[in-house]
Each structure stands twice: as C-alpha cells, then as structure tokens.
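So the structure is just underneath, and the comments pick up after that.
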Amino acid sequence: MAMLLAILGGIGLFLLGMQTMTGSLKELTGEFIKGWMNRFAGGTGRAIFSGAFITAIIQSSTAVTLLTIGFVSAGLLSFAQSVGVIMGANIGSTSTGWLVSLIGFKVDLQGWALPIVGFGVLLKTFLPERIAAYGSVLAGFGLLFLGLGVLQEGMAELQHAVSFAGLTNIFLLVFIGAIMTIIMQSSSAAVATTLTALFSGVIEFEQAAYLVIGQNIGTTLTAILAAIGAGTAAKRAGLTHVLFNIGTALLALIFTPQLLQATRFISHLLFEEFDAAFGIAIFHTLFNVLGVLVFALLIRPFIKLIEKLVPAKGNPFVRHLNPQVAKLPQVALEAVHQTIQLVLAELMQLMQVVLRDGTVDLHKVDTLHGAAMEIRTFLDRIQSMPQEAFQRHVQILHTLDHVDRLLQVIEEPIGREAHLVHPRTSGKWMPLLDKAKAELTEDKQLPELVQEFSAASEEMAIERKARRNEYYVRAAKNEAELATVLKKVDALLWFDRLIYHAWRAFARLEKAQRT
C-alpha cells in the first residue's frame, strides 16, 4: 500500500511541478511566443522549428498544441503553418525525456529539490508581481524533481513486488502507454514515469519503448477536447494533431527494430556505452523526427485531406472566434480585431451597393448583425485581462457600437433613394470605399484610412450644413416643394451618418490596435 501511495504521490508532485512551471513559463513568455509565431512560423521548416523550440521552452506539447489552435483560430497563423508547428511540438516534447535522463537520475533529487522549492516560493513571495513568475518556475522545477525522487522510491519497491517480464504484447504496451497519458493528462509525466520504472528495473528497455509510442498517441485527447464545439480552424488543427500522432506511432511500430538499433548506436556514440534511460530519450526523439520528415514530405496532400474532412461552414465572419481562444486574452482580442476587419470589409461592399443603386442585401445585413452579436458573446468569455488588454477591449466595444449603427443606417428607407436624390454625392465616396475594402485587413494601412475617412466625414458635414440651409431657403421662397426639400435633407443626413459611423468605426479599431 505504501508503495502505491509513493508512486501516486510521486506522479502527483511531478504533475504539480510541471503545471506550475509550464503555467509560469507561458505567463513569462506569452508575448515572446506571439511574436515568435508571427515572425518565424513562415514556411513548413520554420513552423516545425518554431513548434519544437517553443515546446522545449515551456515543456508542454499539450500547451503548445492548445496555443496553436488558439493562434490559428485567431487568424495569427494560417492552417498550413499550424500543421508545421504541431509537428514540431512533438519533437520539442522529447526534451522532457532528455531532461529527466540527464539530471533526474544523476543527482540527489531529494537533497536538491526541497531547497529549490523553498527558494522559488520565497522569490514568488517577495519579488514584484511582474517578475514573481520566475519564482513559480523555480518552485515548479523543484517540485518536478521532488516528484521524481518519490516516484523512484515507489518504483524501487514495485520492482520486488511485481514482475512485468511476461508482458510482451506490443499492442497492449502501446495501449497502456496511451492510457497513462490520458489519465495523467500529460505525456511528460507519462514519459517520466516510464523512465523511472525503467531506471528502477521495473520494466525492460523494449517495454519502455512501446509505452512511449503509446504515450505519443495519448496526447491527442486534449486536442480532441479543445476542438469540440470550436470553429473550423480549431477542428482542423485538432484533427491534424490526432492524425499526425497516430501516423507517427504507426511509423514507429513499423520501424521499431531499425529505430532500436539506431538508438543503441547513438547511445554508444554519445556515452561510449548503452544507457537505457538515455536510450528511451533517443528513441523518443528518433521516431518523432521520422514522423515529421515523412509528414513534411506529404504536407500538401495532408493539408488537403484535413480540409476535405473538415470543410468550412457556419458564419464565415466569425471563423476566428474559438471559445478556447477566450482563455488567452491577448490572442482572443487579436481574433476579435481580425473578425471586425472582415465585418467592416463586407460593410464597405454593402455601402458601395446602396450608394450605387439603393439595393440592400438584407440577408447579408442580418448575417453581419449576427456576427456582431457573436463577437460580443465571445468578448464576455474573456476574463483576467491585463490593463493594456482591458483598454483594447473597451476600444473594440466602441468599434462594435459604430458597426451596429452603420448597419442600421444602411437599412434606413431613405438610403434606397439617396442615389437618385443626390447622384453626385453618391458617386463621390466610391474610390474611398474601394480603397478601404482592399486595405482594411492590412493593419499598417489603418491609420491612413482613418485620416481619409475623417476628412471625408468632415467634408460631408460641411456639405450637409450648407446645402440643408440652402434647401430650406428655397422652400421658404416657394422655389421648391417642401416635400422634395425634406427628402433632399433626409438624404444628406443619411450620407452624413453613413460616412461618420464608418470613420468612427475605423478610428476606434485603429486605437484598439495601438493599445
């Protein structure tokens, strides 16, 4: 009983340490990760490297997969880039095995772990809030190795109590490995447990190899859960993770003899002898690299397969609004920003049509109203925002208010006649709307568009005031029928509102971008 409690406690401490360390590293490197993704996740090779590098930094392929789903949902990464990042994350996840093999079994874990935990907690307590996360990272690191130490003690007793010598069914071992990851919700913890069991003599090297293959499959559950109820982009990214990991596991099973032989050769080359714990780290890395190489060669047909299995559907304007993204405030607001850009681009098209011939696509207007409502619902899910994100949130809400008002103006009956009443005024704004429609999704063009719409709104306001007074003077002199004058004035007011709310929507969006 004490043995099982020690194993359970060791796994629990390892998981607690991993979660503490990973959470703090994500907090410290959040903006860095966003910048790295935008800058380096270009072609397939760079995307793979980005996934591997970021996973090695934050020590969690699951976290990187969820971040990737969030980034692709938010439109910060293309789907093709996300495929590369997810593949790279598998290579990065092997760093845990190397860390445990190189340090975990070579030092006095119990002697070092507790002081590290204590020092980390002190740093978290006394450091300023903005850098207190460094203390959490250190405390998590200590807990991680404290858990390994407790786990080793439990495994040492398990070696004498239970024999796994007869367990040779490779499919059963792979299944057990997958279940280990699903239960622990961490492939890192599952790999660490396997390495500890191997180091303690509970299992043999080849048994550990098949367990690790299964643990690669088990990580897919989190991606599946993240994709449930999410948008098309998130579902595609989740399916990518599932198919890639299963495909990599199949390749590992097919080439296990060759991979094991290569593992022994590399181990002797690096350490002049075969070390079983190092061997598992090498094997884990080798079969993941093999999977990445094969899938990278087939990247285009693989992407086409995913897109065919998960076709685009639903409101196209809110495809970036994945509920999972709402857990990452900065990414969530970026997703909303890009969604509003899509909505405004469509609004420019609606404005052009109504100015040209008075036609209003009511179905498209309803779709955009629905998109605005979904954006607000999504914004309500965002919590625990830093101050700069909060200010951006406020500006986005202002933008949405002007989007709603612009849609209401487009729906007004006078808009169907404005082009007939003032044909010259209707045609005046067409080039500006063309430019806005073409450049709206380019953030660097937004300040210039704001200036041009501001000038247009000011010009329209001056024209409205001057011509309104002129029309009333003519009506008073009986030079024009009052009904005609009122219609002309209403049309001028309609033009004024149309241009004004377009300008204010752009201005608020640009301010949100700068915040």
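Taken together, Ala483, Ala507 contain a single residue that is buried (at least 22 other Cβ atoms within 10 Å of the Cβ) and at negative phi, which is Ala507. What number goes with the only condition from (1) farther than 30 Å from Gln395 by Cα; (2) polar (S, T, N, Q); (3) open to solvent by 80 Å² or more (accessible area, probe 1.4 Å) that Thr425 does not pass? Among (1) farther than 30 Å from Gln395 by Cα; (2) polar (S, T, N, Q); (3) open to solvent by 80 Å² or more (accessible area, probe 1.4 Å), the lone unmet condition for Thr425 is (3). Of the residues contained in the stretch 468-479, none is found to be under 17 Å from His501 (Cβ atoms) and either modelled with pLDDT of 85 or more or surrounded by 18 or more Cβ atoms within 10 Å (Cβ to Cβ) (or both).
Within the stretch 180-209, the set of residues being part of a helix (DSSP H, G or I) and open to solvent by 30 Å² or more (accessible area, probe 1.4 Å) comprises Met180, Ile182, Ile183, Phe199, Glu206. The set of residues from the stretch 235-252 being surrounded by fewer than 16 Cβ atoms within 10 Å (Cβ to Cβ) and closer than 16 Å to Ala209 by Cα comprises Ile246, Leu250. The residue list Gly154, Gly177 contains one member that is surrounded by 22 or more Cβ atoms within 10 Å (Cβ to Cβ) and modelled with pLDDT of 60 or more, which is Gly177.
Residue-by-condition table, conditions (1) part of a helix (DSSP H, G or I); (2) modelled with pLDDT of 70 or more:
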{"residue": "Leu77", "(1), (2)": "no, yes"}
{"residue": "Ala80", "(1), (2)": "yes, yes"}
{"residue": "Val83", "(1), (2)": "yes, yes"}
{"residue": "Gly88", "(1), (2)": "yes, yes"}
{"residue": "Ile91", "(1), (2)": "yes, yes"}
{"residue": "Gly97", "(1), (2)": "yes, yes"}
{"residue": "Ser101", "(1), (2)": "yes, yes"}
{"residue": "Val107", "(1), (2)": "no, no"}
{"residue": "Trp112", "(1), (2)": "yes, no"}
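Could you check the stretch 309-331 and list, in sequence order, the residues that are modelled with pLDDT under 80 and part of a helix (DSSP H, G or I)? Selection gives Pro316, Phe317, Val318, Pro323, Gln324, Val325, Ala326, Lys327, Pro329, Gln330, Val331. Which one is nearest to the chain's Cα centre (by Cα) among residues in the stretch 370-389 that are in a helix (DSSP H, G or I) and surrounded by fewer than 15 Cβ atoms within 10 Å (Cβ to Cβ)? Filtering first and then ranking leaves Arg381. Can we say Ala276 is open to solvent by 20 Å² or more (accessible area, probe 1.4 Å) and over 34 Å from the mean Cα position of the chain (by Cα)? Against the criterion (open to solvent by 20 Å² or more (accessible area, probe 1.4 Å) and over 34 Å from the mean Cα position of the chain (by Cα)), Ala276 qualifies.
The values are calculated or read from the model by the stated rules, or taken from the named source; none is laboratory data. Predicted model, so just to flag it, every value in this text is computed and none were measured. Quick reminder, even Gly has a Cβ in these numbers, built from the backbone with ideal geometry, and neighbours come from all protein chains shown. Keep in mind that these areas ignore ligands, DNA and RNA; they rest on the heavy atoms of the full protein, side chains included. Shrake-Rupley method; radii C 1.70, N 1.55, O 1.52, S 1.80 Å.
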